[in-house]
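Q: Please see the structure below; I have some questions.
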């Protein structure tokens with residue numbers, strides 16, 4: 001198993017609960033049938049994100065152990081490392097079968113009817129800023145073909161957040177889907193006020209209105225208010241099974257790097273659908289290999305709603321050219337075989353291509 005470290009610089013800082021991140025540290029994983037127990041070449045990516053997955057050092061240790069033992073993903077439970085290894089194996093299996101990764105994933109979990117999609121709709125994220133700037137950003141996104149918008153909230157007084165959401169609704173009209181992500185910033189009283197007001201604005205769902213550990217609070221919000229509740233951080237905190245069993249969400253956000261692989265992502269989506277909960281696939285600002293694999297995972301989910309996959313622009317420069325760019329609010333699924341044929345092979349297997357391990 002070939003493991004190559006890379007660093008991806010972000011276009012602007014990313015703030016998590018404990019740090020400000022200026023770059024993404026990760027590893028490319030390559031499997032070759034000449035030296036590994038796989039039927040064809042396969043590529044993967046392990047890009048841990050602090051506060052969401054294991055630390056970079058823990059990821060590096062897990063990858064090194066798997067490489068030295070030759071055990072592959074067996075026993076690897078750190079999510080980003082498992083994502084990288086299992087993705088490379090799934091890519092190899094799909095290439096050997098001469099089919100897209102999405103077809104391989106759909107069949108593996110029973111999502112075979114009506115069959116994976118040829119494209120996936122995506123949402124655009126409207127970042128922080130005034131109501132006027134939010135409205136302008138929303139207008140640009142809609143003019144580019146996007147029909148779903150995600151607004152960040154929770155870092156300012158609720159009245160200001162509501163002004164921003166109303167301004168966006170006035171600008172884009174009633175047909176565009178608006179989602180609001182509070183990142184767990186509100187208490188129960190504020191969340192009730194927010195969801196009640198957002199119902200009148202036509203917000204389709206509010207993501208993580210309460211802190212991740214308040215599962216019972218999210219159950220109560222679902223029972224009391226008409227706006228759907230989506231859970232993201234709570235899925236990381238409790239796991240998909242616990243969230244579904246509690247009845248805490250109408251929508252679950254499924255991040256492959258956090259869940260431990262695209263296989264687990266599609267399986268989580270299957271479980272969600274069985275519980276009458278909608279799955280949305282998003283990334284953790286990953287490199288192009290993981291991001292393209294996430295497109296395949298989303299396409300495996302029948303009639304998937306717009307997903308948070310339009311994140312390549314958040315990187316200053318990517319690992320490789322993007323075979324699945326956003327066009328008019330959708331991403332076409334690469335034909336494969338596997339993730340994107342041999343599009344990434346030179347960047348994973350060629351020593352000359354990866355000699356400079358910082359992408360900036």
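The values are calculated or read from the model by the stated rules, or taken from the named source; none is laboratory data. Remember, it's a predicted structure, so these values are computed and weren't measured experimentally. Virtual Cβ from ideal backbone geometry, glycine too; neighbours counted across all protein chains shown.
Q: I'd like to check something: does segment 175-186 contain any residue that is assigned by TED's automatic domain parsing to the domain that holds residue 249, assigned to a loop (DSSP other than H, G, I, E, B) and surrounded by fewer than 17 Cβ atoms within 10 Å (Cβ to Cβ)?
A: yes
Q: I've got another one for you. Here are 187, 161: which of them is touching a strand residue (DSSP E or B) at 6+ places or on another chain (Cβ under 9 Å) and farther than 23 Å from residue 304 by Cβ?
A: 161
Q: From 276, 318, which residue is surrounded by fewer than 19 Cβ atoms within 10 Å (Cβ to Cβ) and in contact with a helix residue (DSSP H, G or I) (Cβ under 7 Å, 6 or more places away or on another chain)?
A: Exactly one residue qualifies, and that residue is 318.
Q: To continue, here is another question. Please verify whether residue 134 is outside the structural domain of residue 261 (by TED's automatic domain parsing) and either under 30 Å from residue 263 (Cβ atoms) or buried (at least 20 other Cβ atoms within 10 Å of the Cβ) (or both), treating the condition exactly as stated.
A: No, not satisfied.
Q: Where in segment 202-252 are there helices (runs of 4 or more DSSP H), lying wholly inside it, with at least 3 residues that are closer than 16 Å to residue 276 by Cα?
A: Helices (runs of 4 or more DSSP H) meeting the threshold: 215-224, 240-246.
Q: If a residue has to be closer than 13 Å to residue 212 by Cα and surrounded by fewer than 21 Cβ atoms within 10 Å (Cβ to Cβ) to count, how many in segment 232-248 make the cut?
A: Residues meeting the conditions: 6.
Q: Check 295, 288, 258, 326 and return the single one that is modelled with pLDDT of 95 or more and more than 22 Å from residue 9 (Cβ to Cβ).
A: None of the other options fit; the residue is 295.
Q: Let me ask something else about it. In segment 1-118, which strands (runs of 3 or more DSSP E) lie fully inside it and hold 2 or more residues that are more than 18 Å from the chain's Cα centre (by Cα), at pLDDT 95 or above and surrounded by fewer than 20 Cβ atoms within 10 Å (Cβ to Cβ)?
A: Counting at least 2 such residues, we get 2-15.
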